[in-house]
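Contents: one structure, followed by commentary.
The values are calculated or read from the model by the stated rules, or taken from the named source; none is laboratory data. Everything numeric here is computed off the predicted structure, so don't read it as measured data. All Cβ positions, even for glycine, are placed from backbone atoms using ideal geometry, and neighbour counts span all protein chains on display. In case anyone asks, the SASA skips ligands and DNA or RNA and just uses the protein heavy atoms, side chains included. Shrake-Rupley method; radii C 1.70, N 1.55, O 1.52, S 1.80 Å.
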Amino acid sequence: MEKKEPLKIPAHVGLIMDGNGRWAKKRHMPRSLGHNAGMNAMIKLAEHASELGIKYLTVYTLSTENLSRPQDELDGLFGLFRSYFTSNVKKLYKKNAAVKIIGDLTVLPEDVQSLLKDGESNSPDGAQFTLVFAINYGARSEIRRAVKLAAENGIEPTEENFEKLLYTAGLPAPDLIIRTGGEVRLSNFLLYQAAYAELYFTEVLFPDFTPKEFDKAIKEYSGRERRYGKIQEGANG
Ligand code: FPP
């Protein structure tokens, strides 16, 4: 009988949670209820990712571009941050998991900024899983910010130094980036860090992206050969 290879589990997965609005529209519901359903899907996925042995899950929660959405939609999202960071987050801590925030928080309502910062600082030390929220995050502004920091502080922009100036300092680069909702692009998400990430796109709208759907992405990732620019094994004669 053929021996089944064990699944390769990525250390860091990035997740572009797209399709909440369309999910709500299909049900004649306001977009905010789509985000609500998206938050519930995200909570289940974070738990599942941690059980699989994934160390970091970075969720694209609000891009810099999303900040130009109508105020009532943004208020709905800020309401979800308030509810998540006052209650749900504690369930993560209990499972020895941490949260980290990347992005420019300064433009968010002040109470939300404090909740997000508390969410990070109250996280357990030595967590075995970290849920990273990209909030008002944009890769282009992250890279410009790092260049500015390097110039201002006279830091030689070697690969090692430069990575320390990004919001993701201390995190491994993502091994796999998943995008739900049918679009096939990265939309300003982790552009520097994604240099060698495997990409997985699915038509499934984010609120319907269950742990079972997530497993399909992991299975596909596991079967891919990562070459990092080197030639295929055995292709050299
Ligand atoms: C994009 O879908 C999704 C967002 C802009 C927000 C994602 C936010 C969540 C899943 C909620 C997370 C909540 C917390 C507390 C972390 P879209 O609405 O642009 O979808 P569409 O393309 O169908 O319109």
Scope segment 197-223; condition in contact with a Gly (Cβ under 9 Å, 6 or more places away or on another chain) and assigned to a helix (DSSP H, G or I); matching residues
F206, P207, D208
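Take the residues of segment 1-52 that are of a type in the set (D, E, K, R) and closer than 22 Å to Q193 by Cα: which is farthest from the ligand (Cβ to nearest atom)?
Only one residue fits best here, namely K8.
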Name the single residue that is nearest to A41 (Cα to Cα) among those in segment 61-93 being open to solvent by 30 Å² or more (accessible area, probe 1.4 Å) and of a type in the set (D, E).
D75
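Select from segment 132-154 the residues that are open to solvent by 60 Å² or more (accessible area, probe 1.4 Å) and over 30 Å from Y84 (Cα atoms) and list them in ascending order. Working first, answer last.
To start, the set of residues in segment 132-154 that are open to solvent by 60 Å² or more (accessible area, probe 1.4 Å) comprises 140, 144-145, 147-148, 151-154.
Those that are open to solvent by 60 Å² or more (accessible area, probe 1.4 Å) and over 30 Å from Y84 (Cα atoms): R144, V147, K148, A151, E152, N153, G154.
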Flag for N36 being open to solvent by 10 Å² or more (accessible area, probe 1.4 Å), touching a Phe, Trp or Tyr at 6+ places or on another chain (Cβ under 6 Å) and touching a residue at least 40 places away in the same chain (Cβ under 8 Å)
no
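Would you say L171 is within 30 Å of S32 (Cα to Cα), in contact (Cβ under 8 Å) with a residue 60 or more places away in the chain and either more than 16 Å from the ligand (Cβ to nearest atom) or in contact with a helix residue (DSSP H, G or I) (Cβ under 8 Å, 6 or more places away or on another chain) (or both)? Even if it seems obvious, please write down each step before you answer.
Numbers: within 30 Å of S32 (Cα to Cα): no; in contact (Cβ under 8 Å) with a residue 60 or more places away in the chain: yes; either more than 16 Å from the ligand (Cβ to nearest atom) or in contact with a helix residue (DSSP H, G or I) (Cβ under 8 Å, 6 or more places away or on another chain) (or both): yes.
So L171 does not fit the description; no.
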Tell me whether segment 167-175 contains one or more residues that are polar (S, T, N, Q) and in contact with a strand residue (DSSP E or B) (Cβ under 7 Å, 6 or more places away or on another chain).
yes
Mind checking whether some residue in segment 124-133 is more than 21 Å from A217 (Cα to Cα) and of a type in the set (F, W, Y)?
no
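Among the residues of segment 131-151, are any touching a strand residue (DSSP E or B) at 6+ places or on another chain (Cβ under 7 Å) and farther than 18 Å from D104 by Cβ? Can you show your working first?
To start, the set of residues in segment 131-151 that are touching a strand residue (DSSP E or B) at 6+ places or on another chain (Cβ under 7 Å) comprises 131-138.
Keeping just the survivors that are farther than 18 Å from D104 by Cβ gives 131.
Within segment 131-151 (the criterion being touching a strand residue (DSSP E or B) at 6+ places or on another chain (Cβ under 7 Å) and farther than 18 Å from D104 by Cβ), the answer is yes, since at least one residue qualifies.
Would you tally the residues in segment 45-92 being among the charged types (D, E, K, R) and under 15 Å from G14 (Cβ atoms)?
If we filter segment 45-92 for residues that are among the charged types (D, E, K, R), which is where we start, we get 47, 51, 55, 65, 69, 72-73, 75, 82, 90-91.
After this cut, where a residue has to be under 15 Å from G14 (Cβ atoms) as well, the list is 55.
Here the count works out to 1.
Look at E198 and say whether it is surrounded by fewer than 15 Cβ atoms within 10 Å (Cβ to Cβ) and among the acidic types (D, E).
So E198 fails the test.
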Only one of (1) open to solvent by less than 60 Å² (accessible area, probe 1.4 Å); (2) modelled with pLDDT of 95 or more; (3) assigned to a loop (DSSP other than H, G, I, E, B) does not apply to R226, and that is (2)
Selection from segment 37-62 of residues that are closer than 17 Å to F81 by Cα and of a type in the set (D, E, K, R):
K44
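Based on this model, can you work out whether E233 counts as among the acidic types (D, E), farther than 27 Å from R27 by Cα, part of a loop (DSSP other than H, G, I, E, B) and modelled with pLDDT of 95 or more? Give the steps one after another, and end with the answer.
Values: among the acidic types (D, E): yes; farther than 27 Å from R27 by Cα: yes; part of a loop (DSSP other than H, G, I, E, B): yes; modelled with pLDDT of 95 or more: no.
So E233 fails the test.
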Could you please tell me which pairs satisfy a Cβ distance under 8 Å, a separation of 6+ or placement on different chains, a first residue in segment 195-206 that is over 10 Å from Y221 (Cβ atoms) and away from the ligand (no atom under 12 Å from the Cβ), and a second residue that is open to solvent by 70 Å² or more (accessible area, probe 1.4 Å) and among the charged types (D, E, K, R)?
T202/K216
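Return the only residue of L74, L80, L62, L57 being within 11 Å of the ligand (Cβ to nearest atom) and touching a strand residue (DSSP E or B) at 6+ places or on another chain (Cβ under 7 Å). Before you say what the answer is, go through the steps one by one.
On the way: L74 fails: touching a strand residue (DSSP E or B) at 6+ places or on another chain (Cβ under 7 Å); L80 fails: touching a strand residue (DSSP E or B) at 6+ places or on another chain (Cβ under 7 Å); L57 fails: within 11 Å of the ligand (Cβ to nearest atom).
One residue alone meets the criteria, L62.
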